[in-house]
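Let me begin by presenting the structure, written as C-alpha cells, before commenting on it.
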Amino acid sequence: MIKILTKCPVCEGNLKAVKLKCETCGTVIENIFDFPKLLKLSKEQLEFVTVFLKSWGNIKDVERELGIFYPTVRLKLDQIVEALNDDIPSKVKTSREEILNRIESGEISPEEAVMLLNNLK
C-alpha cells in the first residue's frame, strides 16, 4: 500500500487534501481537508503503534514481539507522542546532560542515547 504524502517533497511543508471523488457515482467534493494525525507517523512508528495496540499497551508483550527492551519502548512511545503533538511543546525533549547521565547510570544504552541526541533540536 502507498502511504499518503502529508509533507511536501520539495519544502517539507504540510500538505492538505483538496479533492475527494466517489468511485461509484463520480461525485467530486472540493475543499481543504486535514489528514488524521496518525498519518504524520512514519511507517516504522505506525507498525509500533499496531503492535502496541494489539498488545493492549502491555510493555512486556511489546518488548517480546519486537525484541527490544523497556527503554527503547519508552523512547519510541515518546517519539510518537511528540510526532502527534507537534503543535504542543514536547515534554519528552531532554538536555544533552540528562542523556549523558542516563547512559552513565545504565538506564539507557549508548545506541539509545545516540537516538535521543539526534532528536534534540
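Could you give every pair whose Cβ atoms fall below 7 Å, whose first residue belongs to the stretch 6-34 and is touching a residue at least 24 places away in the same chain (Cβ under 8 Å), and whose second residue is surrounded by 10 or more Cβ atoms within 10 Å (Cβ to Cβ) and among the aromatic types (Phe, Trp, Tyr), counting only separations of at least 6 or pairs across chains? Matching pairs, first to second residue: 6/35. Screening the candidates 49, 18 for the property of being within 30 Å of residue 108 (Cβ to Cβ), among the hydrophobic types (A, V, I, L, M, F, W, C) and surrounded by 10 or more Cβ atoms within 10 Å (Cβ to Cβ) yields one hit, 49.
Residue count for the stretch 21-35, restricted to those that are of a type outside the set (D, E, K, R) and either surrounded by 10 or more Cβ atoms within 10 Å (Cβ to Cβ) or touching a Leu at 6+ places or on another chain (Cβ under 9 Å) (or both): 6.
Any read-out appearing in this document is the output of simple, stated calculations on the displayed coordinates, not a laboratory observation. What you are looking at is a predicted structure, and each value in this text was computed from that prediction instead of being measured. Cβ: placed from backbone, ideal geometry, glycine included. Neighbour counts: every protein chain shown.
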